[in-house]
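These notes concern the structure reproduced below.
The values are calculated or read from the model by the stated rules, or taken from the named source; none is laboratory data. In this text, all values refer to a predicted model and were calculated from it rather than measured experimentally. Note that each Cβ is placed from the backbone with ideal geometry, even for glycine, and that neighbours are counted across all protein chains shown. These accessible areas exclude ligands, DNA and RNA; they are computed on the full protein's heavy atoms, side chains included. Shrake-Rupley method; radii C 1.70, N 1.55, O 1.52, S 1.80 Å.
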Amino acid sequence: MKKRETTDPIGMMAAQLSRLPGIGRKTAMRLAYYIAAQPQEDVRELATALWQGRRAVRMCSRCGNYTAQDPCAICADSRRRHDTLCVVRDPRDVSAIERMHEYHGGYHVLHGTISPINGIGPDDIRIKELIGRVQQEQIREVIIATNPDVEGEATAAYIARVLKPLGVLVTRLAHGMPVGGDLEYVDEVTLNKAFEGRREI
């Protein structure tokens, strides 16, 4: 006798939701039940916003930030200092620094950090592009703002080593930030102090 296939729509939604960062199995189930209780039109709007938003997002060809236009608004802004680059791990960190409203230079998004344990080397993140920008865009200072964890420190040290022969000033954010913390969760005042106390490396 052929086994009848059964579908569990709540389980299917929970399985997809649990793929999101920070969403465990129990939270995914709560969200799935919440979605199941909403009007279908509201759920359709949510799904459409996610789908259309993802389709519209692209990577800025200059800095690597997420954007709907290329170049991104930051790179295209003539009022910003384009002789200074702040190097960050991912686009979330750009948002964190922009909330501070004190930094007016450009950015370079690495999309990762060096992590030999995870098989991620310098060629796997956007370090070559950074070197190219320093050589072509008359950059005076590169501020390394990777997280103060093992991978972030290793990445900062590597970048400093490859950029110093190019005659550019390489600085690191001061450790007003908690060691092992994520840049996106640092409050604006602490982040501002870290910028003010950055040091050459």
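Per-structure values
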| item | result |
| --- | --- |
| Contact order relative to length of segment 33-125, as percent, for alpha carbon pairs under 8 angstrom and 6 or more apart | 21 percent |
| Whole-number accessible area per residue in Å² for segment 1-115, which is evaluated in the context of all protein chains at 1.4 Å | 69 Å² |
| Using distinct alpha-carbon pairs, which all enter the 1/r mean, Kirkwood radius of segment 98-201 in Å | 14.2 Å |
| Packing-based ranking, highest mean first, of 41-50, 165-174, 151-160 given that Cβ atoms within 10 Å are counted | 151-160, 165-174, 41-50 |
| Mean Cα-pair separation over length for the chain, i.e. relative contact order, pairs under 8 Å, 6 or more apart, % | 15 percent |
| CD proxy at 222 nm, helix term only [per DSSP H run n ≥ 4: -39500 (n - 2.57); per residue of the chain; nearest 500] | -12500 deg cm²/dmol |
| Length gained when the stretch Arg55-Ala154 is fully extended (0.36 nm per residue, less Cα-Cα span) | 32.3 nm |
| Per-selection Rg to Rh, segment 1-90 - Cα, Kirkwood hydrodynamic radius | 1.20 |
| Cα-based Rg and Dmax for the chain, where Dmax is the largest Cα-Cα distance (Å) | 20.9, 76 |
